[in-house]
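Trainee: Below you will find the structure I want to go over with you.
Read-outs: derived from the displayed coordinates by stated rules, not from any lab. Just so we're clear, the structure is a prediction, and the values are computed from it rather than from any experiment. Ideal geometry is used to build each Cβ from the backbone, glycine not excepted, and the neighbour counts take in all protein chains shown.
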Amino acid sequence: MIIKNYERFCRDSGMILCHMVDVFINNEKVVVLNTASDNIECVYIEVDEYQRGKLKPSRNCIILKYKVVYLNKTTKVFEVARRLININIGSFYRDLALELYFILNFNINSLVPSNELKRLNKSHKLECKRVKKNIFSLFDKVINRFFKRDEWMIAFCKCIIAPEKISSSFEKFNIIPNLKGTFSADPFIIENQGGVYIFYEECSLKRGARGILACYDLAENKRYIILQEPHHLSYPNVFNYMGTYFMIPQSENHSIDLYRATDFPFCWKKERVLLTDKNFNFGDTNIYFSECGSILLTSNIYDHVANSNRIRVGWKIENLLDDKLKIIDCTVLDISDEYSRNAGNSISLDSQIYQECSSTYGGGLVIKKNKKIIYTRLPKGFQGMHTYNTSENFTVIDLKKTKYGFFL
């Protein structure tokens, strides 16, 4: 199963494979993979919960310890926190194929060794859930399906509050009521010509519903639908570039799409496709502009929603509006459910905000700064938070509240 999925990723991307690499799990060789890189000798993976082809986890998150050995005998050592949604060996191998595809064929120099990462405020970190089996697992599935529902909502305040201060300053926030039967998430906030606008995902609470994009005008206390597509939309990253407002939303159509405001803030037109790949979707894309003129796109790449929080890739590009996008470099930035998925368009590359998804999706925010992982506390009464953004004078976040009742 590892080979089948790995080779599909390589084949569909058009890679020229030229070098065989041995892959070991707990010192047992499990597979030999052909790679586009000619400088890797082998890969060692340690997983405590893996025993001779069987997966025996006690909690819904496992840690994979990777050691990449190069032909010049140097090594790259790092850890991957992986949340288990499907606890079976098939899912374990499929996720392994995805991780190995990026590790063996892309630049991984940006991955920080686990022994160099310092974790702060560990008491704020959510505990991983214990794995339940047989009748208890079935009971949980019934409860989660019919009697329990997570609802996301947006809150804002008229001041700048740092992520680590949200819990202690939550009385300053105002929650925007959701429309009946919907949830709201992924807020971005823009101040323009005296107006304050929150761009966000709006989605029906019905299962299988697709997200649309909306804009909330704070002055009018009114929301407007601004974009609908045949596919799901979320994370409307709105930014100003060369005097014009653009937006890069998450689009579950295997591409990163750029939209231009034709009449800000309510009218948008698709400008171009920046990146596309038939194997993968791109989640929660951020964009950074340096003083020297270079541009960096970062996005989470995934082949299935179950692993949509783990692998973050960056592309250095030359000009956002050229007819043909020129990619200067492509680098794997992070591999971990703990601190990889973007949680807002951080202004600085030196201090970035990510979702903590190692125990549950959108479990909270973590700040990554100078090889430090800083966990943040959730406001009382809420079970998740996964977006943080600011404008000149405002802070906006989203929050998850678990509700109980009977839901079809």
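Trainee: For region 30-139, give the magnitude of the charge dipole about the Cα centre (Cβ charges: +1 Lys/Arg, -1 Asp/Glu; no others), in debye to the nearest 20.
Mentor: I would put it at about 680 debye.
Trainee: How do ARG272, ARG83 rank when sorted from fewest to most other Cβ atoms within 10 Å of their own Cβ? Could the numbers behind the result be given before it?
Mentor: Values: ARG272 16, ARG83 24.
In order of increasing Cβ crowding within 10 Å: ARG272, ARG83.
Trainee: Please rank TRP268, TRP315, fewest neighbouring Cβ atoms within 10 Å first, as an exposure proxy. Kindly include the intermediate steps, with their values, before the conclusion.
Mentor: Numbers: TRP268 23, TRP315 19.
Neighbour counts put them in this order, fewest first: TRP315, TRP268.
Trainee: For the pair LYS180/GLN193, report the inter-label distance in nm, with labels modelled 7 Å from Cα in the Cβ direction.
Mentor: Inter-label distance under the simple model: 3.6 nm.
Trainee: On to the next question. Find how much the distance from ASN72 to LYS369 grows on full extension, using 0.36 nm per residue of separation minus their present alpha carbon separation; answer in nm with one decimal. Working shown, then result.
Mentor: On the way: separation 297, 0.36 × 297 = 106.92 nm, distance 3.08 nm.
Taking ASN72 through LYS369 to full extension adds about 103.8 nm, to one decimal.
Trainee: Whole-Hz ³J(HN,Hα) for each residue in region 174-187, computed from phi via Karplus 6.51 cos²θ - 1.76 cosθ + 1.60 with θ = phi - 60°, x for glycine and proline: what do you get?
Mentor: Working through the residues one at a time gives 10, 8, 7, x, 6, 5, 4, x, 10, 10, 10, 7, 6, x Hz.
Trainee: Taking the Cα centre of region 140-404 as the origin and placing charges on Cβ (Lys, Arg +1; Asp, Glu -1), which of TRP152, TYR288, ILE212 is farthest toward the positive end of the dipole?
Mentor: TRP152
Trainee: Here's another thing I want to ask about it. Mind listing the lone cysteines of the chain, meaning no other Cys beta-carbon sits under 4.7 Å from theirs?
Mentor: Taking the Cβ cut-off of 4.7 Å, the unpaired cysteines of the chain are CYS10, CYS18, CYS42, CYS157, CYS159, CYS203, CYS215, CYS267, CYS292, CYS330, CYS357.
Trainee: Something else now. May I ask you to compute the full-extension gain from VAL305 to LYS122, defined as 0.36 nm times their residue separation minus their alpha-carbon distance, rounded to one decimal in nm? All intermediate terms of the calculation are to be shown ahead of the outcome.
Mentor: On the way: separation 183, 0.36 × 183 = 65.88 nm, distance 2.73 nm.
Taking 0.36 nm per residue and subtracting the Cα distance, the gain is 63.2 nm.
Trainee: Using the crude model of +1 on Lys and Arg Cβ and -1 on Asp and Glu Cβ, and no other charge, please compute the dipole size for the chain relative to its Cα centre, in debye to 20. Walk me through the numbers before you get to the answer.
Mentor: Values: 56 positive and 45 negative charges, 358 e Å.
Roughly 1720 debye for the chain.
Trainee: Set the Förster radius R0 to 35 Å, insert the Cβ-Cβ distance between LYS380 and MET20 as r into 1/(1 + (r/R0)^6), and round the FRET efficiency to 0.05. Let's see the in-between values first.
Mentor: Numbers: r = 54 Å, r/R0 = 1.56.
With R0 = 35 Å, the Cβ-Cβ based efficiency is 0.05.
Trainee: Follow-up question, since we're still on this one. Can you give the local net charge around THR331? Use residues other than it whose beta-carbon is closer than 14 angstrom to its beta-carbon, Lys and Arg +1, Asp and Glu -1.
Mentor: Spelling it out: positives minus negatives among the neighbours equals +1.
Trainee: Nearest 0.05, what FRET efficiency do ALA219 and GLU291 give at R0 = 30 Å with Cβ-Cβ as r?
Mentor: Details: r = 33 Å, r/R0 = 1.11.
E between ALA219 and GLU291, to the nearest 0.05, is 0.35.
Trainee: With helices defined as uninterrupted DSSP H runs, which ones in the chain have an alpha carbon span along their own long axis of at least 20 Å and mean Kyte-Doolittle hydropathy of at least -1.0?
Mentor: Values: long enough: 89-105 (24 Å, 0.75).
Flagged H segments are 89-105.
Trainee: For the chain, give the share of DSSP beta bridges that are antiparallel, in percent and rounded to the nearest 5; count only bridges with both residues there. Provide the component values of the computation, followed by the final result.
Mentor: Values: 109 of 117 bridges.
Approximately 95 percent, going by the DSSP bridge assignments.
Trainee: Which net charge results for the neighbourhood of ILE166, defined as the other residues with beta-carbon distances under 12 angstrom from its beta-carbon, given Lys and Arg at +1 and Asp and Glu at -1? Walk me through the intermediate numbers first.
Mentor: On the way: positive: LYS165, LYS172, ARG377, LYS380; negative: GLU164, GLU171, ASP398.
It works out to a net charge of +1.
Trainee: For the chain, what is the convex hull volume of its Cα atoms per residue in Å³? Could you put the intermediate results ahead of the total?
Mentor: Values: hull volume 61.5 nm³, N = 408.
Convex hull of Cα atoms, per residue: 151 Å³.
Trainee: In debye, nearest 20: dipole of region 302-349 around its Cα centre with unit charges on the Cβ of K, R (+) and D, E (-)? Walk me through the numbers before you get to the answer.
Mentor: Details: 6 positive and 8 negative charges, 6 e Å.
I would put it at about 20 debye.
Trainee: For LYS65 and LYS148, what is the calculated FRET efficiency with R₀ set at 35 Å and r taken between the beta-carbons, to the nearest 0.05? Numbers along the way, then the final one.
Mentor: Values: r = 34 Å, r/R0 = 0.98.
My answer for the efficiency is 0.55.
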